[in-house]
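What follows is a single structure, written as structure tokens, with notes after it.
The values are calculated or read from the model by the stated rules, or taken from the named source; none is laboratory data. All figures in this text were calculated on a predicted structure; none of them were measured in a lab. All Cβ positions, glycine included, derive from the backbone under ideal geometry; neighbour counts span all protein chains shown. When the accessible area is computed, the model is the full protein with side chains, heavy atoms only, and any ligands, DNA or RNA have been set aside. Shrake-Rupley method; radii C 1.70, N 1.55, O 1.52, S 1.80 Å.
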Amino acid sequence: MSDNGSKQTHFGYKTVDADKKADLVADVFHSVAAKYDIMNDVMSFGVHRFWKRFTIETAAARPGMKILDLAGGTGDLTAKFSRIVGPQGSVTLADINDSMLKVGRDKLRDRGIVGNVSYVQANAEALPFPDNHFDIITIAFGLRNVTDKNAALRSMQRVLKPGGKLLILEFSTPKHDIMKKVYDLYSFKVIPQMGKLITNDADSYEYLAESIRMHPDQETLKQMMIDAGLEHVDYTNLTDGVVALHRGYKF
Ligand SMILES: C[S@@+](CC[C@H](N)C(=O)[O-])C[C@H]1O[C@@H](n2cnc3c(N)ncnc32)[C@H](O)[C@@H]1O
């Protein structure tokens, strides 16, 4: 609580009023939207593509399924799911940020991905979908930006069908000290400089590094998923735990 009694949360390493965080996160993604895809490739040396491919494989989607790609941004996962579920299925790309949604929609339309994809501007904390609606929900590199993560997890659990699967791909905590050191150096010294060069915005990429450090580690997120009502929750570390893919089911 702050002096004026309002609830506090983290925005990277800063402590801010909880009701201000969504606007601050929105500023970050409005600022980086146009260059988001190229920055992802440069920052991760293209490795984000492998993390996303692993997520798609783990999802094991089938033709006809209904999928929610939450915090879907520029639509990398949506594009892949759209091909898998085919004309009988559907993919909803939901994101709170209209700049990211617009870049995603334009990119997918340019690639001819139309028909089974819809775009919804929504906050993960209060999803505007009926109960028991989706076969699979993915949220990739989105959860750490959400103010009330527990509310978001409960909301995802609510809209998942019984038998459905939630996959959370997110930066996490590296397992080995040497990797932690290299990763710290890289994300605090190199990434903001890259951000400055490519997007003219070092601050947003400083937030990225800080928000990763503030995000719950593997075991904490696993417990949060269980608390939200998900079952058979587990995770796989990727790149020594720099990223983890958590999965949970609703029964
Ligand atoms: C790092 S991007 C990830 C985009 C995409 N999923 C990917 O993996 O490339 C994070 C996305 O989360 C979205 N986001 C942040 N807070 C959100 C919230 N509360 N509800 C829904 N989306 C949110 C941002 O607008 C942004 O598009």
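Structure above, values below:
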{"quantity": "FRET efficiency, THR15 to GLN88 (Cβ-Cβ, R0 41 Å, nearest 0.05)", "calculated": "0.30"}
{"quantity": "For the chain, calculated [θ]222 nm from helices alone, where every DSSP H run of n ≥ 4 adds -39500 (n - 2.57)", "calculated": "-13500 deg cm²/dmol"}
{"quantity": "The chain - percent relative contact order, Cα under 8 Å, separation 6 or more", "calculated": "19"}
{"quantity": "Label-point separation, HIS232 to MET194 (7 Å along Cα→Cβ), nm", "calculated": "3.6"}
{"quantity": "The chain - percent of accessible surface contributed by carbon and sulfur, probe 1.4 Å", "calculated": "53"}
{"quantity": "Extension gain from GLN121 to TYR186, taking 0.36 nm per residue of separation minus the Cα-Cα distance", "calculated": "20.1 nm"}
{"quantity": "Per residue solvent-accessible surface (Å²) - the chain, probe of 1.4 Å", "calculated": "47"}
{"quantity": "Cα gyration tensor category, rounded, prolate or oblate, for the chain with a/c compared to 1.5", "calculated": "rounded"}
{"quantity": "Approximate spin-label separation VAL42-ASP203, in nm, with each point projected 7 Å along Cα-to-Cβ", "calculated": "1.9"}
{"quantity": "Residues with amide H under 5 Å from that of ALA61, placed H, sequence gap 5 or more", "calculated": "none"}
{"quantity": "Exposure rank, largest accessible area first [LYS149, LYS14; 1.4 Å]", "calculated": "LYS14, LYS149"}
{"quantity": "Cβ-derived FRET efficiency at R0 35 Å, SER6 paired with ASN132, nearest 0.05", "calculated": "0.50"}
{"quantity": "Whole-Hz ³J(HN,Hα) from phi, Karplus 6.51 cos²θ - 1.76 cosθ + 1.60, for the stretch 71-80, glycine and proline x", "calculated": "6, x, x, 8, x, 4, 6, 4, 4, 5"}
{"quantity": "Cβ-based charge dipole, the chain, positive-most Cα from HIS30, GLN121, GLY89", "calculated": "GLY89"}
